[in-house]
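Undergrad: Quick one: the structure is below, and I'll ask about it shortly.
The values are calculated or read from the model by the stated rules, or taken from the named source; none is laboratory data. Just so you know, these numbers come straight off a predicted model, no measurement behind them. Every residue, glycine as well, gets a Cβ built from its backbone with ideal geometry; the counts of neighbours run over all protein chains shown.
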Amino acid sequence: MTPQKNRIKINDNLYNLYKFIDEIIVSPKHLLKKWSLITNQTPAAKLGYIGQHLASLITGVPGTGSGARGDDLSDGSEVKSCNKVDQADKCKKCGARVMRYEESCPNCNSTDILRKDDSKWLFTVRSQAELEQYLNMDRIILILMDYPNFVNRDYKDIRILCFEIYPKEDRGKVFCDLISNHYNNIYLPKLTANLKTNPMNLHPWSYQFYKCNPIKIFECTVKDIDTNPQIQIDMKHYIKPSQERDARFPVVPMPTSLLKVEEWDELLAKANYDTEIAPLLSDPITSIVAFKKLSKKKKEESLPYLSEKLRNYLSLRKIVSVVQKSRYSRSEDRKG
């Protein structure tokens, strides 16, 4: 993807990013937590419009001032944001809402808490014209704010990431397949049957996410955000606004731990083991017969990640539309 250099109007990107993250993300988080202790409302900030500001500063392309209507950036790029920071959690014992900063349930004092990590990017497509817009975009920008150490229940640091997907290029073909499938096989049948329709969900770090071949263009970690914030931008993963997005920039590595047994079988059946897999193994296994005999865990250890070429051999998983089993109830779901 070639950036439209005539649309790049914002300079001093890194300086502005440091300042914006400090003033609009770090400082408000402290204030929201302070007021959350008083109001018992979630301290999580809506990332939508903040994500558009971040996208403009990262890419150098200003918005159009249109809010939720029209192009997000003046070059036609679409911006989607996902915030996993300060999600409202849930007590496994009594079902009450628990704030991320609370170590035990305020209702029953249980420490058995379900820490939520299910926020995702949403793509709304309600007409053939909207579908065509997505299919013909040069660039989709994905902003993600999460905890780098969430799996260890460590919420001291937060991370801000920016990815790009290019629907019109071969790299973005899977995204086009996903959104076309959603519109034709999920949205339209529900609409015809007069059922509730939903946007297409794209979960960060999911099988579908990696299959879309995203490129990471920005990463920032805010260390000790609640006590002694330190904003650290990873220059290794910063792609300047005017840089050509070509094969020099690899897609985000796909963990093989995501693969099912049948997907390992598909990969080994389609890829050339000797030239495409064996050279990437951490320990030399010269025979495909020997590799096939390894357990799933041993395969993952030998080949931890899939390159762009290898993941392209894998088929998309069938997407099943989830039907909401019960209606929303304020007494049962008290998200702030």
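Undergrad: Within region 230-245, can you find the residues that are under 10 Å from Ile215 (Cβ atoms) and at pLDDT below 95?
TA: Within region 230-245, the first condition is being under 10 Å from Ile215 (Cβ atoms), and the residues that meet it are 237, 239, 245.
His237, Arg245 - these are the residues of region 230-245 that are under 10 Å from Ile215 (Cβ atoms) and at pLDDT below 95.
Undergrad: Check off (1) charged (D, E, K, R); (2) touching a helix residue (DSSP H, G or I) at 6+ places or on another chain (Cβ under 8 Å); (3) touching a residue at least 60 places away in the same chain (Cβ under 8 Å) for Arg97 and give me the number that stays unchecked.
TA: (2)
Undergrad: Looking at region 229-258, I want the residues that are of a type in the set (D, E, K, R) and have a partner that is modelled with pLDDT of 95 or more with Cβ atoms under 6 Å, at least 6 apart or on another chain. Which pairs are those?
TA: Within 6 Å, the pairs are Asp234/Glu219.
Conditions tested, residue by residue: (1) surrounded by 13 or more Cβ atoms within 10 Å (Cβ to Cβ); (2) in contact with a Cys (Cβ under 8 Å, 6 or more places away or on another chain); (3) not in a helix (DSSP H, G or I).
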{"position": "Lys19", "(1), (2), (3)": "yes, no, no"}
{"position": "Lys29", "(1), (2), (3)": "yes, no, no"}
{"position": "Ile38", "(1), (2), (3)": "no, no, no"}
{"position": "Lys46", "(1), (2), (3)": "no, no, yes"}
{"position": "Ser56", "(1), (2), (3)": "yes, no, no"}
{"position": "Gly95", "(1), (2), (3)": "yes, no, yes"}
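Undergrad: Filter region 136-159 down to the residues that are aliphatic (A, V, I, L, M) and touching a Pro at 6+ places or on another chain (Cβ under 6 Å) and list them by number. It would help to see each step written out before you state the result.
TA: If we filter region 136-159 for residues that are aliphatic (A, V, I, L, M), which is where we start, we get 137, 140-145, 151, 158.
Passing the criteria: Met137, Leu144.
Undergrad: Pairs needed: first member in region 281-296, at pLDDT below 95; second member anywhere, surrounded by 11 or more Cβ atoms within 10 Å (Cβ to Cβ) and among the aromatic types (Phe, Trp, Tyr); C-beta distance under 6 Å; at least 6 residues apart or different chains.
TA: Once the first residue is at pLDDT below 95 and sits in region 281-296, its partners that are surrounded by 11 or more Cβ atoms within 10 Å (Cβ to Cβ) and among the aromatic types (Phe, Trp, Tyr) give Ile285/Phe291.
Undergrad: If you don't mind, there's one more thing I want to ask. Just checking, which of Arg153, Arg100 is closer than 30 Å to Pro214 by Cα, surrounded by fewer than 19 Cβ atoms within 10 Å (Cβ to Cβ) and at pLDDT below 95? Write out each step before concluding.
TA: Values: Arg100 fails: surrounded by fewer than 19 Cβ atoms within 10 Å (Cβ to Cβ).
Only one candidate passes the filter, namely Arg153.
Undergrad: May I ask you to say which residue of Ile160, Ile186 is over 16 Å from Ile140 (Cβ atoms) and part of a helix (DSSP H, G or I)?
TA: Numbers: Ile160 fails: part of a helix (DSSP H, G or I).
Answer to the selection: Ile186.
Undergrad: Let me ask you something else. Testing Ser27 on (1) at positive phi; (2) modelled with pLDDT under 95, one condition comes back false. Which one is that?
TA: (1)
Undergrad: Let me ask something additional. If Thr197 satisfies all but one of (1) touching a Phe, Trp or Tyr at 6+ places or on another chain (Cβ under 8 Å); (2) free of Cβ contacts under 8 Å to residues at least 60 places away in the same chain; (3) in a loop (DSSP other than H, G, I, E, B), what's the number of the condition it fails?
TA: Result: Thr197 fails condition (2) only.
Undergrad: So Ile215 passes all but one of these: (1) touching a Ser or Thr at 6+ places or on another chain (Cβ under 8 Å); (2) closer than 22 Å to Lys120 by Cα. Which condition number does it fail?
TA: That leaves (1) as the condition not met.
Undergrad: Which residue out of Val79, Val125 is buried (at least 18 other Cβ atoms within 10 Å of the Cβ), closer than 24 Å to Leu202 by Cα and within 16 Å of the chain's Cα centre (by Cα)?
TA: Numbers: Val125 fails: within 16 Å of the chain's Cα centre (by Cα).
Exactly one of Val79, Val125 is buried (at least 18 other Cβ atoms within 10 Å of the Cβ), closer than 24 Å to Leu202 by Cα and within 16 Å of the chain's Cα centre (by Cα), namely Val79.
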